[in-house]
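Below you'll find the structure, written out as structure tokens, and then a few comments.
The values are calculated or read from the model by the stated rules, or taken from the named source; none is laboratory data. This one's a predicted model, so the numbers in the text were calculated from it and none came from an experiment. Glycine also receives a Cβ, built like all others from the backbone with ideal geometry; neighbour counts cover every protein chain displayed. Heavy atoms of the whole protein, side chains included, go into the accessibility calculation; ligands, DNA and RNA do not. Shrake-Rupley method; radii C 1.70, N 1.55, O 1.52, S 1.80 Å.
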Amino acid sequence: MAILDIVLEGNPLLRQKATRIRHVDASLRALADDMWETMLEAPGVGLAAPQVGVSRRLIVVHVPAGHDHDDDPEVNLRLVNPEIVRAHGREVGPEGCLSIPGWAGDVPRADAVTVKAVDLDNHPVRIKATGYTARVLQHEIDHLDGILFTDRVEDKSTLRLVTEEEFDDVAE
Ligand code: ZN
């Protein structure tokens, strides 16, 4: 595994629509492993392939246990061609992006989503998520469509430079 360089805002790759993946093979699994290691090292709670310079529809998500409620399990996902098929509710909450270091802002997101995807064994999967995990999934899937969280901040006065500690909690 390897730590990859994270592409920063201003790089046109972050504004492209990423390509659909036809078949998961060993090279894609290796990329997912490298993205996983890169996300944990950053540290962040999610990472999309365009953020490491690869314009393909692959995301990884790692939300620590107990994020929203004490008994929430840890969430670990590696998803190919993820797509939101249902979304409900609305909640405004803080987000940051590993491609925009140091900044956070308040973003409205659906509070519950169902995501259809393929796993690294080429099997179809459906993920139901709420709260923070739902937020991270929406942020990462946006990256595949060239959308950054700053595009979604309604109240631009909430965009702020935050401490390293606060950034690590919201970076994705
Ligand atoms: Zn991001």
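Distance from the Cα centroid of the range 106-150 to that of the range 44-105 is 7 Å (rounded to whole angstrom). For the range 84-128, what percent of Cα pairs sit more than 12 Å apart? Value for the range 84-128 (Cα pairs over 12 Å): 70 percent.
Applying 1/(1 + (r/R0)^6) with r as the Cβ-Cβ distance of Glu37 and Val92 and R0 = 35 angstrom yields a FRET efficiency of 0.65. Using R0 = 45 Å, the C-beta based FRET efficiency linking Thr163 and Asn122 works out to 0.60. Going by accessible surface with a 1.4 Å probe and the largest first, Leu31, Leu159, Leu14 read Leu159, Leu31, Leu14.
Maximal additional length on extending the Asp68-Ala30 stretch stands at 10.6 nm, based on 0.36 nm per residue less the C-alpha distance. Compared with the direct C-alpha span, the chain from Lys156 to Leu13 gains 49.1 nm at full extension, assuming 0.36 nm per residue. Using protein chains only and a probe of 1.4 angstrom, how many square angstrom of Glu41 are accessible, to the nearest 10? Around 120 Å² of this residue is reachable by solvent.
Pairs of Cα atoms nearer than 8 Å and 6+ residues apart set the relative contact order; for the chain it is 26 percent. Exposure here means at most 12 other Cβ atoms within 10 Å; with trypsin sites (Lys or Arg not before Pro) in a DSSP loop as sites, the longest stretch of the chain lacking them is 91-172. Altogether, the Stokes-Einstein calculation at 25 °C and 0.890 mPa s, with the Kirkwood radius of the chain over Cα pairs as Rh, returns a diffusion coefficient of 154 µm²/s.
Can you pull the accessible area of His69 for me, 1.4 Å probe, Å² to the nearest 10? His69 exposes around 110 Å² with every protein chain in place.
Per residue, the average separation of C-alpha pairs within less than 8 Å and at least 6 apart gives the range 104-149 a relative contact order of 34 percent.
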